[in-house]
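Input: a single structure, listed below in structure tokens.
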Amino acid sequence: MKVIFGGVRGSNPVSGPQYSQFGGDTTSVLVCGAAGERIVIDAGTGVRNLQRHLGAATEPLTLLLTHLHHDHLMGLTAFAPLYQKQRRLTIAGPVAAGGQSDTLANLSRYMGAPFWPIELSAAGAQLTTHDVSWYDGTWLADTDREFLAVGSLEVRACAVNHPDGCLAWRIDEPASGAALVFATDLEWGRTNAEQRSRFVNFCRQLRPLSWLVMDGQFTQAQYEAHAGWGHSTLTEVANVGAAVGAGEILATHHNPDNDDETLRKHAAELQALVVGQGSDAPASCAQQGQELAWPADD
Ligand SMILES: [Zn+2]
Ligand SMILES: [Zn+2]
């Protein structure tokens, strides 16, 4: 399994030479299975950087949405597969309980007049949507469903604490033993004991994580001024990553105010915090364009 980061910036895209190392595009990540499966997580502006990896229009593609805040959708209207008539595109996204909305309706509001000239329904791709509850991570049309199969990959969701709700996604490749948890836009500081144990169990199930990618937007000092904004600290990323035994730990959703120099310091700080937790896992801040592979020599 391979993971490619198209964008790792939080809240708003940024550009300039001071962002050239970690990148300025907002959240979008591609997961490729060994058998050619392709799953994109979130459609921030970074989705454009992934386009050359998305295969021919005749190949199926899955898009998982953590939540619908703008920074995670800004790239959707320019997402080429949406406009490919032969493309079978499966989209899974979070919805509130009570059936007040669904993923198709939410995205149709986002993509259509007066916000965009092409309606989602007229874009062209053959869409299938799945709704996942942001309260408990269940698949709403099929609450007994344990995971969504994408080829040989298994996709699972866990609800996490964030304003308006958010999902962490887990992707397993049983044949290779690869496992990723991608948990952006998660405020660990306001996550109660029950939610914490649910998330830890989500990370620990089945097999050890190859990678935990977790929201680490703030230093402890920055968090004090932004409690309730829905994001976690580097300390929390280190603590959770070590507690779940992740093989590699990466912070994401970098604050737009943090330039490369700052993020290099954060990466070193995160590694020191992880070592302080007794873990020997490599730890760093995710970089736009970075690729991870499992097995490592894949
Ligand atoms: Zn965000
Ligand atoms: Zn958000």
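The values are calculated or read from the model by the stated rules, or taken from the named source; none is laboratory data. Treat the numbers as computed from the prediction; the structure is a model and nothing was measured. Because the Cβ atoms are built from the backbone with ideal geometry, glycine has one as well, and the counts that use them run over all protein chains shown. Please note that ligands, DNA and RNA were not included when accessible areas were found on the heavy atoms of the full protein model with its side chains. Shrake-Rupley method; radii C 1.70, N 1.55, O 1.52, S 1.80 Å.
Within the option set 53, 70, being within 16 Å of ligand 2 (Cβ to nearest atom) and surrounded by fewer than 18 Cβ atoms within 10 Å (Cβ to Cβ) holds for one residue only, 70.
Listed by first and then second residue, the pairs linking a residue in segment 112-124 that is open to solvent by less than 60 Å² (accessible area, probe 1.4 Å) to a residue that is part of a loop (DSSP other than H, G, I, E, B), with Cβ atoms under 8 Å apart and 6 or more places separating them unless they lie on different chains, are 112/118; 112/119; 120/111; 120/112; 123/111; 124/84; 124/85; 124/87.
Specify which of the listed residues (16, 33, 46) is among the small types (Gly, Ala, Ser), open to solvent by less than 40 Å² (accessible area, probe 1.4 Å) and within 16 Å of ligand 1 (Cβ to nearest atom). Residue meeting the stated conditions: 46.
Within segment 236-258, at least one residue is surrounded by fewer than 20 Cβ atoms within 10 Å (Cβ to Cβ) and within 14 Å of ligand 1 (Cβ to nearest atom). With respect to the stated conditions, residue 145 is more than 16 Å from ligand 1 (Cβ to nearest atom), of a type in the set (D, E, K, R), open to solvent by 40 Å² or more (accessible area, probe 1.4 Å) and within 21 Å of residue 180 (Cα to Cα).
Filtering segment 189-212 for residues that are in a strand (DSSP E or B) and closer than 25 Å to residue 37 by Cα leaves a non-empty set.
Among the criteria (1) within 16 Å of ligand 1 (Cβ to nearest atom); (2) touching a Phe, Trp or Tyr at 6+ places or on another chain (Cβ under 6 Å), the one residue 97 does not fulfil is (1).
Within segment 263-298, which residues are closer than 15 Å to residue 2 by Cα and more than 23 Å from the chain's Cα centre (by Cα)? Matches in segment 263-298: 297 only. Where strands (runs of 3 or more DSSP E) fall wholly inside segment 1-69, the ranges with 3 or more residues that are under 15 Å from residue 82 (Cβ atoms) are 61-64.
Of all residues in segment 81-107, those that are closer than 19 Å to residue 62 by Cβ and either surrounded by 14 or more Cβ atoms within 10 Å (Cβ to Cβ) or acidic (Asp, Glu) (or both) total 18. Residues in segment 223-235 that are away from ligand 2 (no atom under 16 Å from the Cβ) and open to solvent by 30 Å² or more (accessible area, probe 1.4 Å): 224, 225, 235. The number of residues in segment 148-179 being outside any loop (DSSP other than H, G, I, E, B) and either modelled with pLDDT under 95 or surrounded by 14 or more Cβ atoms within 10 Å (Cβ to Cβ) (or both) comes to 20. For segment 214-226, taking the residues that are more than 18 Å from the chain's Cα centre (by Cα) and within 16 Å of ligand 1 (Cβ to nearest atom), the one that is farthest from residue 268 (Cα to Cα) is identified as 226.
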